[in-house]
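Let me begin by presenting the structure, written as structure tokens, before commenting on it.
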């Protein structure tokens, strides 16, 4: 029996085998990186590869949110993304780069350089702040009552839920990324050292970010909760070789605020709670699951201890895995025949028994040949059918 994507998703989230593996090729972290095309590849090259000429300028700070429908169809994408709104940005006249902006969400300074997007450290609003009073006096805290966050979201989600069988994911963007926001208000090194050097300030700033994030997301999910299948939270916590911090540090200085967010949002929706964290987070996974996260993305298979076999062996039935198609070597450096072979191996490892949603192991950068991208997703679509039978 052929299932709808939504039926497929909920069975696999319950660690049961649907008719085939669900596939995502869209959204904030499973799309195409929104950076300047370099060389032969990138978004425009993919459009040319598929003979698409009517594409729009890409939108999104990381993954392209407005992928052309023909790209999503060609990659067998089964998701629809509903975005929490953005109050907008101010173009900066007093900043050297003509592409510099200030976000009206959190007041972050951002800059688009030649081929990437960044938050310059020297412009971080709390870089030199040290007092809880500075938290109270900051002028750019988001207003949870701003209608820009919620504009038409209920109507969009309800229509998608009632008129399609697709999997509906919320892209919470900067509104559900507590430590990411702390890092870019305060600086990465300060984020890690503040708990030891200035814990009173750390707690004050972290509490303010968390409370605002919860308030925005509560208002959002109170409207759209019944209509969505996946709720998103974004927090990079790993490098190639391991987490940024110990398990003990995570449990004391990161997890309590994440759990507070999950505990506030999960009663408002049937959606599974998805978290994006790059890198090697194997050691943190038991605590992350304890915090209430249910779907783990992006599963970068070459990071330490993130091999698909290891995750399947030790966390099957405890977490749903989302991602896993390697971008560091497999799609970047190999020919199509090897891409097909290794993607089959990935299917054999992660698909049995459900619990896996296939996607790229992050947004696809502009040095990946288009033929390799579609070879991988075609292979999942063709061979990811249950019962799995691959020689």
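The values are calculated or read from the model by the stated rules, or taken from the named source; none is laboratory data. Just so you know, these numbers come straight off a predicted model, no measurement behind them. Note: ideal-geometry Cβ built from the backbone for every residue, glycine included; neighbour counts use all protein chains shown.
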### Message
What are the pairs with Cβ atoms under 6 angstrom where one residue, in the stretch 130-151, is under 16 Å from residue 210 (Cβ atoms) and the other, located anywhere, is modelled with pLDDT under 95? Sequence gap at least six, or different chains.
### Response
142/105
### Those residues of the stretch 319-354 which are under 24 Å from the mean Cα position of the chain (by Cα) and loosely packed, with under 15 Cβ neighbours inside 10 Å, in sequence order
329
## Note on the structure
The correct count of residues that are in a loop (DSSP other than H, G, I, E, B), surrounded by fewer than 18 Cβ atoms within 10 Å (Cβ to Cβ) and in contact (Cβ under 8 Å) with a residue 60 or more places away in the chain in the stretch 38-56 is 4
### Query
Mind checking which residues of the stretch 216-259 are in contact with a strand residue (DSSP E or B) (Cβ under 9 Å, 6 or more places away or on another chain) and assigned to a helix (DSSP H, G or I)?
217, 220, 221, 224, 225, 227, 249, 250, 258
### Task
Check the stretch 3-23 and report whether any residue there is outside any loop (DSSP other than H, G, I, E, B) and surrounded by fewer than 17 Cβ atoms within 10 Å (Cβ to Cβ).
yes
### Test set (1) within 30 Å of residue 389 (Cβ to Cβ); (2) free of Cβ contacts under 8 Å to residues at least 12 places away in the same chain - residue 322 fails condition number
(2)
### Task
Read through the list (1) buried (at least 19 other Cβ atoms within 10 Å of the Cβ); (2) modelled with pLDDT of 95 or more, then give the number of the only condition that residue 366 fails.
(2)
### Task
Being assigned to a helix (DSSP H, G or I) and more than 12 Å from residue 358 (Cβ to Cβ) is the filter here, so list the residues in the stretch 308-324 that pass it.
309, 310, 311, 312, 313, 314, 315
## Note on the structure
Residues in the stretch 290-302 that are in contact (Cβ under 8 Å) with a residue 60 or more places away in the chain, buried (at least 20 other Cβ atoms within 10 Å of the Cβ) and either more than 17 Å from the chain's Cα centre (by Cα) or part of a strand (DSSP E or B) (or both) total 2
### Summary
Within the stretch 325-344, residues being in a loop (DSSP other than H, G, I, E, B), at pLDDT 95 or above and in contact with a helix residue (DSSP H, G or I) (Cβ under 8 Å, 6 or more places away or on another chain) number 1
### Query
Inside the stretch 260-289, can you point out the residues that are more than 19 Å from residue 244 (Cα to Cα), in contact (Cβ under 8 Å) with a residue 12 or more places away in the chain and assigned to a helix (DSSP H, G or I)?
260, 261, 262, 263, 264, 265, 266, 268
### Message
Can you pull out every residue in the stretch 369-387 that is crowded, with 18+ Cβ neighbours inside 10 Å and free of Cβ contacts under 8 Å to residues at least 60 places away in the same chain?
### Response
372, 375, 376, 379, 383
### Query
What number of residues within the stretch 352-391 are in contact with a helix residue (DSSP H, G or I) (Cβ under 7 Å, 6 or more places away or on another chain) and in a strand (DSSP E or B)?
4
### Query
For the stretch 144-191, how many residues are surrounded by 14 or more Cβ atoms within 10 Å (Cβ to Cβ), farther than 17 Å from residue 83 by Cβ and more than 18 Å from the chain's Cα centre (by Cα)?
7
### Task
Please state which of the following conditions residue 73 fails to meet, knowing it meets all the rest: (1) surrounded by 14 or more Cβ atoms within 10 Å (Cβ to Cβ); (2) under 30 Å from residue 226 (Cα atoms).
(1)
### Message
Every residue in the stretch 88-137 that is surrounded by 14 or more Cβ atoms within 10 Å (Cβ to Cβ), under 28 Å from the mean Cα position of the chain (by Cα), assigned to a loop (DSSP other than H, G, I, E, B) and at pLDDT 80 or above, please.
### Response
104, 105, 106, 107, 108, 119, 120, 124, 125, 126
### Which listed residue, of 239, 246, is over 17 Å from the mean Cα position of the chain (by Cα), surrounded by fewer than 20 Cβ atoms within 10 Å (Cβ to Cβ) and either in contact (Cβ under 8 Å) with a residue 60 or more places away in the chain or under 30 Å from residue 307 (Cβ atoms) (or both)
246
